[in-house]
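A short worksheet on the structure shown next.
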Amino acid sequence: MALTDTFIKNLKWAGAPAGEKHTDGQGLYLLIKATGKYWRMNYRFAGKQKTLAIGVYPAVPLAKARQRRDKARELFADGIDPSKAKQVEKQAQVVAAANTFELVAREFLVTKTDAWTPMYAAKWLRGMSKDLFPYIGSLPLASISAPMLLDALRKCEKRGAIESAHTLRQTAGQVFRYGIQTGRCVSSPAADLQGALKPVNTKHMAAILEPVKVGELMRSIASYTGQPMTRVALMVSALLFQRPGNIRQMEWAWVNFDNAMLTIPSQDMKRRKHQKVNGRPHFVPLAPQALTALQEMQPLSGHGRYVFPSLLTGERPMSDNTVNSALRRMGYTNSEMTAHGFRATARTLMIERLPGVSADVIEAQLAHGKSGPLGSAYDRAEFMDQRRKMMVEWADYLDKLRAGAEVIPIRGVA
């Protein structure tokens, strides 16, 4: 007689140590014990009597138990042992649980310990933790489709983080490629999303490029009424046109007044990890105006490590927003001028307004990486004469602009 839901619900254990069996048909029965109600299925395979565990009531109701019995009978009919199939499925679930997107991503990150800087690795993991792990992190790598990944990426798009969405597609692609290499998946859905995201509208760092307006900027810096340390940082940013991080983190140990040279250690430059470890330092010749500005800082911070220390504590460098905040205070909006904009200002005006200045030498002084056989040669000693001359000409040019004079470029005649 087949079982019913009401009958099963009202069944009680009668006290038999081995439990009581209540059959449903085709090998399926319900085993009642003191600890609960268990679905079982008896069958014979390869001449041996076997029992398959179907589930526990009420988590597995009667209808579902019958479905599992029928599925087991189909396997049996195909010559497959249902118990062995269950073991294989269980093992596959264990493997899948160990190969989720998040676990594989974190494993991949460990492989990059020697190649990536700690700062870049932290940024990589921060993006994943914020925008991908919450949505696909718990899914087996092989189960993630292109639409599933796209759905997670479009959450970035909806909040306006278009560039972050593109970056995450690339970082997800790194994880899937690693998954392919280690046998966790056979394809990368990230590759199928080429062109699926909104395009990134590249914005250049705001910079003043007109000589007259640069003169106004230099006069504003000279008359800046905020912290003296901030005023000097603004002046040095204009004179040296190095990356804002290198300006604010400048150390007195880098400054050589006798040789008029600032030497930025390789590990403090914007480079790949192996370049930071093995690369040469970056040399910045100091024009007389730069030396004067730095000498002005000696009574204020010469006793400490940083040329431009934090106003709160001398143990840390100036905040990364100090120069930008000073520019805002001077009346320059974020779309007009930024701390990073001093680099574009210098490069543009030297090319357009200072005759005889080589673009290659400017690029070298900007510490822009170059490919090809000459790429590693820009920091060599034979370029230092050109650099020294260029830095003096630039500082003198800024003085003339501040005084209201204009320098007319003199071009050669073909």
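The values are calculated or read from the model by the stated rules, or taken from the named source; none is laboratory data. For clarity, every value in this text was computed on a predicted model and none was experimentally measured. Neighbour counts are summed over all protein chains in view; Cβ atoms, including those assigned to glycine, are modelled from backbone coordinates with ideal geometry.
Assorted remarks:
- Screening Thr230 against (1) hydroxyl-bearing (Ser, Thr, Tyr); (2) buried (at least 18 other Cβ atoms within 10 Å of the Cβ); (3) under 20 Å from Asn99 (Cβ atoms) leaves a single unmet condition, (3).
Residue-wise test of (1) more than 25 Å from Lys90 (Cβ to Cβ); (2) of a type in the set (A, V, I, L, M, F, W, C).
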position: Thr6; (1), (2): yes, no
position: Gly15; (1), (2): yes, no
position: Gly19; (1), (2): no, no
position: Asp24; (1), (2): no, no
position: Ala34; (1), (2): yes, yes
position: Arg40; (1), (2): no, no
position: Leu52; (1), (2): no, yes
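- Filtering the stretch 302-321 to residues that are closer than 17 Å to Tyr224 by Cβ and surrounded by fewer than 22 Cβ atoms within 10 Å (Cβ to Cβ) leaves Leu311, Ser319, Asn321.
- Here is the figure for the stretch 277-293: residues that are free of Cβ contacts under 8 Å to residues at least 60 places away in the same chain, under 14 Å from Arg231 (Cα atoms) and crowded, with 16+ Cβ neighbours inside 10 Å total 0.
- Selection from the stretch 322-345 of residues that are within 11 Å of Thr230 (Cα to Cα) and surrounded by fewer than 18 Cβ atoms within 10 Å (Cβ to Cβ): Ser325
- Search result, residues across the stretch 181-196 that are surrounded by 14 or more Cβ atoms within 10 Å (Cβ to Cβ) and farther than 16 Å from Arg169 by Cα: Thr182, Arg184, Cys185
- If you check Leu141, Leu153, Leu132 for being buried (at least 18 other Cβ atoms within 10 Å of the Cβ), touching a strand residue (DSSP E or B) at 6+ places or on another chain (Cβ under 8 Å) and not basic (Lys, Arg), only one passes: Leu141.
- Arg169 vs. criteria assigned to a helix (DSSP H, G or I), charged (D, E, K, R) and either modelled with pLDDT under 90 or buried (at least 17 other Cβ atoms within 10 Å of the Cβ) (or both): yes
- In this structure, Ser129 does not satisfy being part of a loop (DSSP other than H, G, I, E, B) and farther than 30 Å from Lys400 by Cα.
- Qualifying residue in the stretch 8-22 (condition: surrounded by 14 or more Cβ atoms within 10 Å (Cβ to Cβ) and among the acidic types (Asp, Glu)): yes
- Selection of helices (runs of 4 or more DSSP H) fully inside the stretch 38-122 by the criterion of at least 1 residues being in contact with a strand residue (DSSP E or B) (Cβ under 6 Å, 6 or more places away or on another chain) and either assigned by TED's automatic domain parsing to the domain that holds Lys9 or surrounded by fewer than 15 Cβ atoms within 10 Å (Cβ to Cβ) (or both) returns 62-77, 82-98.
- Filter result for Gly341 (small (Gly, Ala, Ser) and touching a Gly at 6+ places or on another chain (Cβ under 6 Å)): no
- Where a residue in the stretch 99-114 is at pLDDT 90 or above and its partner, wherever it lies, is assigned to a helix (DSSP H, G or I) and among the polar types (S, T, N, Q), with Cβ under 7 Å and at least six apart: Phe108/Gln174
- Summed over the stretch 132-166, residues that are in a loop (DSSP other than H, G, I, E, B) and under 16 Å from the mean Cα position of the chain (by Cα) total 2.
- Condition check for Gly25: over 48 Å from the mean Cα position of the chain (by Cα), not charged (D, E, K, R) and not assigned by TED's automatic domain parsing to the domain that holds Ile144: yes
- Test: residue in the stretch 29-36 that is over 26 Å from Gly79 (Cα atoms), in the same structural domain as Gly79 (by TED's automatic domain parsing) and of a type in the set (D, E, K, R): yes
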